[in-house]
Amino acid sequence: MNASTYGQLLRTNGNIINSLQVGADGPKEEKLDVVKNERFMQLRHKIKPYFKILHRTPESDLEIALASEDEDLPSGLSLNEESILVEVEELIQKFENEYLLKKEEIRRLWQQTVMQWEEIENLEDHRLGYAIVHPTVIESLRNLNKSVIERSDERNARLAAIAADTVELRFHLRDIWATCHISDDEKTHFMEQFTTENFSEDVFEAHKAELKIWRAYQKKNQSLMDKVAKREQMWKELIDLENRADDPSRFVNRYYESLILPNFIRNET
């Protein structure tokens, strides 16, 4: 029986995620808490970028919890009340509407700028000082260009950091898969994310979630995996012993170790 077979025996219920999170016989209340917790984390992942994009400072306790960098559910925040999730969803909708309004305003301002630019070019009059090369125009365009470049640099830097962090998470996943004797079939659902080179925030978050699942699995089944590892070590030692027993040179080695080597050592000393 190989390591992958042992890994499969550890997961006889065929439902890894459910067994990790609450157990097949867990109470309904506990399962419901898990669902609420996962939903809150999904909503928080969705709303967090808006705090930076809209330059908003979190004010209420809920907004502070939503903007937190902590991976776990903030202490003191209870999801027992269904209104909490509803409030978060309403807040997301509010932020999305505000974002769309600002985006529309930027589009309108840009269109007006292009029209005015063309007007200045067509009606340029040096005697009236009506020209594109006005210092305030040049300075404004320089600031706009600088801002766009900075945003682009920030994005590229963030993507580079995400790629590096995702690669590191993949190393951890490989290690824990090997430790837990996870078969290829059990990794199939994640292979598309695991092999993609199109790194993004969503891919990074998917890796974090996958690693969290397997770490919980490892913690829950550590004692059983220790027994598997011990049995594998005993099996290796047995194979090694059988190989040495089948080796014809063992008699020569024994003769050398029992007679020749002691005499050599005595003569040398």
* Test residue 109 against the stated conditions and say whether it is modelled with pLDDT under 90, hydrophobic (A, V, I, L, M, F, W, C) and on the phi < 0 side of the Ramachandran plot. => no
* Asked: Can you name the number of the only condition in (1) more than 20 Å from residue 45 (Cβ to Cβ); (2) open to solvent by less than 30 Å² (accessible area, probe 1.4 Å); (3) under 14 Å from the mean Cα position of the chain (by Cα); (4) not aliphatic (A, V, I, L, M) that residue 195 fails?
  -> (2)
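Condition check ((1) open to solvent by 90 Å² or more (accessible area, probe 1.4 Å); (2) farther than 23 Å from residue 225 by Cα) across all residues:
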site	(1), (2)
131	no, yes
166	no, yes
181	no, no
185	yes, no
* Only residues that are β-branched (Val, Ile, Thr) and either modelled with pLDDT under 80 or under 19 Å from residue 51 (Cβ atoms) (or both): list them for segment 66-105, please. => 84, 88, 92
* For segment 49-65, how many residues are at pLDDT 85 or above and crowded, with 16+ Cβ neighbours inside 10 Å? -> 2
* Can you find even one residue in segment 216-224 that is of a type in the set (Phe, Trp, Tyr), modelled with pLDDT under 90 and within 20 Å of the chain's Cα centre (by Cα)? -> yes
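The values are calculated or read from the model by the stated rules, or taken from the named source; none is laboratory data. Because the structure is a prediction, the values reported are computed rather than measured. No Cβ is skipped: glycine too gets one built from the backbone with ideal geometry, and neighbour counts run over all protein chains shown. Ligands, DNA and RNA are excluded from the accessible area calculation, which covers all protein heavy atoms including side chains. Shrake-Rupley method; radii C 1.70, N 1.55, O 1.52, S 1.80 Å.
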